[in-house]
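Next up is a structure, given as structure tokens.
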Amino acid sequence: MRILVVEDDPMLLDGLTVGLGLAGFTIDPVSSCADASAAIAAQRYDAIVLDLMLPDGSGLDVLASLRGKKDLTPVLLLTARDQVPDRIAGLDAGADDYVGKPFDLDELAARLRAAVRRGTGRATASLEWRGVVLDPADKTALKGDAPVKLTRREFAVLQALMERPSATVSKAALEDTLYGWQEEVESNAVEVHIHHLRNKLGTDFIKTVRGFGYRLSEEGA
Amino acid sequence: MTSIRSRLITILIGTTGLVWLLAAIWIYQGTRSEVEHVLDARLTEAARMVNSLLTDQRIELAMTQDDDASAVPGFVESPYQRQLSCQIWSLNGKLVGRSENAPEAKLSSAGEGFSETTIDGEVWRVYTVENARLGVRVMVGDSVHIRDSLVGGVVKGLVLPGVLILPILAGMIWLSVRRGLSPLNMMADTLSKRRANDLRELPATGLPKEIAPAVNALNGLFKRVEEARERERSFTAFAAHELKTPLAGLKTQAQIALGSSDRQVHANALRQISAGVDRTARLVKQLLDLTSLEASDAAPVLVPVDAKALVDSTVGELGPLAGLRSIKVETVAECDEKVMAEPHFFALAVRNLLENAINHSPEGGVVTCCVGQSDTKLTVSIEDDGSGVPEPELSRVSEKFFRGRNKSSTGSGLGLAIAEIAMARIGGEMRFQNRQPQGFTATLVMPFEKAPT
């Protein structure tokens, strides 16, 4: 899952980038409203973590312009102003969740997953498709009752496909999910991960849509 | 505790009572002299009337009669009738006649005119007319005791209603004072019912003009206190928020350090924590500096200060900080004389400016401190070759907690604010400008007053 983190404190931004990265998210870190708006215009994110007090304005302005463009990307506000009126103002401005500083990294990760899950219209935390169950919280996958061992990136590719089971996901979109700005994309990485996933879950689990990308195959197909 | 109401009541009742007393005395005296005057006139008139009756021989003088002396009969009985007594004596000392109730003793032994005589313990006032032709003296007198009771009756009639009115008057004074002071009472009542933190303005419309200045002054005070409290509240809230962010960073980094088994991630998190604690400690120190700056309202005490030595020692203190990123700090001084200054605030300003310059310098950069003077001003300019401040932000750099786009990783947004407040406290000011082609200059300007040698 690719997350935009907007936070102006360098130590906290570093902590969020590393910490949420360890929790399986792909993070794009920015530290101002202008950079955030530019990133949002250039890239689709699964969720945005937004600080309110930024050097060149308020995070609420970013949120307002996002919602003004009918962009429903889940937004989690992260701020030191966490009194009830602040929370109400934030949520009413279109935020999906509100976390006061200081916060617990694991809780923040869980709230992010929940926000993304609600964003994709699912009620349960785990993803399921044809006997394969994926738990994004503890990064485990089950095929039937047997656990399947997946690397972080294999998990991310599988999660991206399972979140929209009937949709075809382009290779570029999968690469976006896997790599933040600072990471160099390896040219055939996605193919390699798909190959490994087919080995682990069965060759017919993921279907290649020629010239476009990948999708999960229908039952019995 | 003195009460305006009881003072007013005492004063009003006291003065009213005194006026009443003086009026009563005046009335008594006036009535008395008037009554005396009238009664004396009556005596004179009566004596002359009897005399003229005798002269005209309308009444017969019973010169030879010894027995009865009721020479003036026919008066109708009335309370005042008894008051006048008339005697007619022959010039050789024989009682020729007397009125019905006249005493037998001679009313007066004096000659013509008024006289007073005591007969059987009763004092008589007598008017005597001598009729030389008939050889008699006509004496008409009345009892002084009766005169006094007459005066007493008149005075009593005048003073008694006044005495009876006095308590009613006191009651009315009490009520009037109470009513007159009711705006004051209402104000006191409103204030005493208020909670300590209720600093709303008192209603200022429809006030009597005596209270309006007090209420306006009170409202002004309320406003100033409320503003000071609001400033303090917003500062505290702001400070708490500013502390929450580094705390969140510290917690996040600590959780990374705890949760990651990757040696490099672990080490990086610990480095971040260490730097974060330094930064937070500095923020706390600056908050304390700011609080002490704003809390002290005593006039600064000026002592001779060697500006160059002060700048040098601050540069020395911050040497380790500059050394971390190989930043060179140079001092250029064109001022060798001691100046009159408040050393603590002066040093605080210089230190914060220097720290700011070091934090914004690129690695290996140069920070220059110039101490200069003119006839009236002492200036300390601190220049760095960092990225400067975008022009639109230049006017905001000394706002508390303001951190612009080109912020340093360790700043708190307080340094320049502290410098500016410190300078304002000692009568100086701060000037901020960008340098060309790059960098930032903060200049501290304060009045130059040469120290006495």
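Determine the pairs where a residue that is assigned by TED's automatic domain parsing to the domain that holds B:Asn51, located within the range B:92-111, has a partner that is of a type in the set (Lys, Arg) with Cβ atoms under 7 Å apart, the partner being 6 or more residues away or on another chain.
B:Asn101/B:Arg82
Have a look at B:Leu175, B:Leu199, B:Leu164 and point out the one that is in contact with a helix residue (DSSP H, G or I) (Cβ under 8 Å, 6 or more places away or on another chain) and either more than 24 Å from B:Leu18 (Cβ to Cβ) or among the aliphatic types (A, V, I, L, M) (or both).
Of the residues listed, the single one that is in contact with a helix residue (DSSP H, G or I) (Cβ under 8 Å, 6 or more places away or on another chain) and either more than 24 Å from B:Leu18 (Cβ to Cβ) or among the aliphatic types (A, V, I, L, M) (or both) is B:Leu199.
To continue, here is another question. Sort through B:Glu100, B:Glu104 and tell me the only one that's surrounded by fewer than 13 Cβ atoms within 10 Å (Cβ to Cβ) and of a type in the set (D, E, K, R).
Only one candidate passes the filter, namely B:Glu104.
Then there is this: Scan the range B:12-30 residue by residue and report those that are over 16 Å from B:Gly157 (Cα atoms) and of a type in the set (A, V, I, L, M, F, W, C). Don't jump to the end; show me each part of the working.
Step one: filter the range B:12-30 for residues over 16 Å from B:Gly157 (Cα atoms), giving B:12-19, B:22.
B:Leu12, B:Ile13, B:Leu18, B:Val19, B:Leu22, listed by residue number.
Results for (1) under 30 Å from B:Glu232 (Cα atoms); (2) in contact with a strand residue (DSSP E or B) (Cβ under 7 Å, 6 or more places away or on another chain); (3) touching a residue at least 12 places away in the same chain (Cβ under 8 Å); (4) surrounded by fewer than 12 Cβ atoms within 10 Å (Cβ to Cβ), shown as yes or no for each residue.
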| site | (1), (2), (3), (4) |
| --- | --- |
| B:Leu258 | no, no, no, yes |
| B:Gln264 | no, no, no, yes |
| B:Ala281 | yes, no, no, yes |
| B:Lys328 | no, yes, yes, no |
| B:Lys338 | no, yes, yes, no |
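A follow-up question, please. From the list B:Thr252, B:Thr245, exactly one residue is facing chain A (nearest Cβ under 10 Å), more than 14 Å from A:Ala80 (Cα to Cα) and of a type in the set (S, T, N, Q). Which is it? Spell out how you get there, then give the answer.
On the way: B:Thr245 fails: more than 14 Å from A:Ala80 (Cα to Cα).
That would be B:Thr252, the only listed residue that is facing chain A (nearest Cβ under 10 Å), more than 14 Å from A:Ala80 (Cα to Cα) and of a type in the set (S, T, N, Q).
Kindly indicate whether B:Asp297 is at pLDDT 85 or above, more than 14 Å from every other protein chain (Cβ to nearest Cβ) and under 20 Å from B:Leu348 (Cα atoms). Steps first, please.
Values: at pLDDT 85 or above: no; more than 14 Å from every other protein chain (Cβ to nearest Cβ): yes; under 20 Å from B:Leu348 (Cα atoms): yes.
For B:Asp297, the condition - at pLDDT 85 or above, more than 14 Å from every other protein chain (Cβ to nearest Cβ) and under 20 Å from B:Leu348 (Cα atoms) - is not met.
Does any residue of the range B:420-437 turn out to be at positive phi and surrounded by 17 or more Cβ atoms within 10 Å (Cβ to Cβ)?
For the range B:420-437, residues at positive phi and surrounded by 17 or more Cβ atoms within 10 Å (Cβ to Cβ): absent.
If we scan the range A:59-80, do we find a residue that is of a type in the set (D, E, K, R), surrounded by fewer than 20 Cβ atoms within 10 Å (Cβ to Cβ) and within 14 Å of another protein chain (Cβ to nearest Cβ)?
Checked against the condition, which is being of a type in the set (D, E, K, R), surrounded by fewer than 20 Cβ atoms within 10 Å (Cβ to Cβ) and within 14 Å of another protein chain (Cβ to nearest Cβ), the range A:59-80 yields no hits at all.
For residues that are part of a loop (DSSP other than H, G, I, E, B) and of a type in the set (Gly, Ala, Ser), scanning just the range A:81-108, find the one that is surrounded by the most Cβ atoms within 10 Å (Cβ to Cβ).
A:Ala95
Please verify whether the range A:44-59 includes one or more residues that are part of a helix (DSSP H, G or I) and farther than 26 Å from A:Phe155 by Cβ.
Among the residues of the range A:44-59, at least one is part of a helix (DSSP H, G or I) and farther than 26 Å from A:Phe155 by Cβ, which makes the answer yes.
The values are calculated or read from the model by the stated rules, or taken from the named source; none is laboratory data. Just so we're clear, the structure is a prediction, and the values are computed from it rather than from any experiment. Positions of Cβ are backbone-derived with ideal geometry, glycine not excepted, and every protein chain shown enters the neighbour counts.
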